[in-house]
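Written below as structure tokens is the structure these notes are about.
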Amino acid sequence: MQRLAVRRFGRVNWRGLAALYQRGVQRYLTQWVESLIGPLASALLFLVIFVLARGEGDADIWPGIDTPSFVGAGLVMVAASYTAFETLAMNLLYEKIEGVIKDLLAAPLSALEILVAWLAAALTNGLITAAAVMLVMQPFVDWSFAQPLKLLVFAVLGLLLFALVGLLAGLWARTWDHYALAETLFILPLTFLSGVFYLGRDLPAFGQDLLAGNPIFYAYDGFRSGLLGRADSDPLVGAAYLLGLLALLAALAWSLLARGWRLKD
């Protein structure tokens, strides 16, 4: 008879971390109709609406940068950001309601390992969505991919920001009404007040102040500048702001996961 031995882990449970990460990505890929088709259709619809509303005779937003290219760059990040948010907020709430989260809490995974696996899955899913939206938009835009490294850096920073917000929202929410409240009162206003469809200079002074305090603006503007080579803000200021905020949110999420806040109810 084969004897069962206790499995030993090192300082990090890499096997468990990888399995949890794979589970998050596989769920996204399995539900590809909702995960990809929805964001693709929404992005193209918004692009058509805003291009038609602006009119063909209007001047370029920046010299040499037309409306579809400017708006399309922002819409890529909008679609990817929602994917990162939903990956954690929606799935975590579902597992809480169904009681599946208790299986995860019983697994030999630390709060930090769970956090890293969840964030990595949300980041991967968001990048897949971004790549898909960029691909379908290619016939309608003129992106130079001027600074690929900046594009990737701000994409990662922006998606991690939405993933952490999604994680916190998923921890806080007890019902689908709570989820809808977080999305309506936080995600939607900050997204549409982030300069996706306009430049900061086009706003009144009060609007420019609001834009300067919105971290999503720096993520979207940095990503767009990587595509177009023009920025509406200082990328160093934006990166520093985002890194500081990410550190605070990650520390908060780690602390709440370690306590099992609203997970053990």
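Miscellaneous remarks
- With respect to the chain, whose longest principal axis is taken over its alpha-carbon atoms, helix 235-259 is tilted by about 20°.
- Cβ-Cβ distance of residue 210 and residue 32, R₀ of 45 Å, FRET efficiency by 1/(1 + (r/R0)^6): the value works out to about 0.80.
- 19 Å cut-off, amide nitrogen to a point 7 angstrom out along residue 261 Cα→Cβ, residues in segment 187-219: 187
- Positive minus negative residues near residue 221 (Lys, Arg vs Asp, Glu; Cβ under 13 Å): +2
- Checking (i) 0.97; (ii) 1.02; (iii) 1.17 against the coordinates, the calculated Rg/Rh (Cα atoms, Kirkwood Rh) falls under label (ii).
- Cα long-axis angle, helix 215-228 against the chain (0 to 90 degrees, to the nearest 10): 60
- Choice from 166, 213, 238 showing the highest fluctuation, given a GNM over the chain with Cα pairs closer than 10 Å: 213
- Tensor-based shape of segment 16-116 (alpha-carbon gyration tensor, a/c under 1.5 rounded, otherwise prolate or oblate): prolate
- Protein accessible area in the chain, 1.4 Å probe - carbon and sulfur %: 65
- Neighbours of residue 194, meaning other residues whose beta-carbon lies under 12 angstrom from its beta-carbon, give a summed charge of -1 when Lys and Arg score +1 and Asp and Glu score -1.
- Helix 148-172 vs. the chain, principal-axis angle (Cα, 0 to 90°, nearest 10): 50
- Bridgeable lysines around residue 264 (alpha carbons under 18 Å apart, same-chain partners fewer than 8 residues away excluded): 96, 102.
- Measuring nothing but how far apart in sequence close Cα pairs (under 8 Å, 6+ apart) lie, relative to its length, the chain scores a relative contact order of 26 percent.
- Per residue, the chain exposes an accessible area of 52 Å² to a 1.4 Å probe, with every protein chain left in place.
- Summing charges over neighbours of residue 151, with a neighbour being any other residue whose Cβ is under 14 Å away from its Cβ, gives +2 when K and R count +1 and D and E count -1.
- A dipole drawn for the chain from +1 and -1 charges on Cβ atoms has a positive end, and of 193, 126, 225 the residue lying farthest that way is 126.
- Separation of alpha-carbon centers, segment 21-54 and segment 185-207, rounded to whole Å: 22
The values are calculated or read from the model by the stated rules, or taken from the named source; none is laboratory data. This is a predicted model, so every value here is computed, not measured. Cβ: placed from backbone, ideal geometry, glycine included. Neighbour counts: every protein chain shown. Note: areas computed on protein heavy atoms with side chains; ligands, DNA, RNA excluded. Shrake-Rupley method; radii C 1.70, N 1.55, O 1.52, S 1.80 Å.
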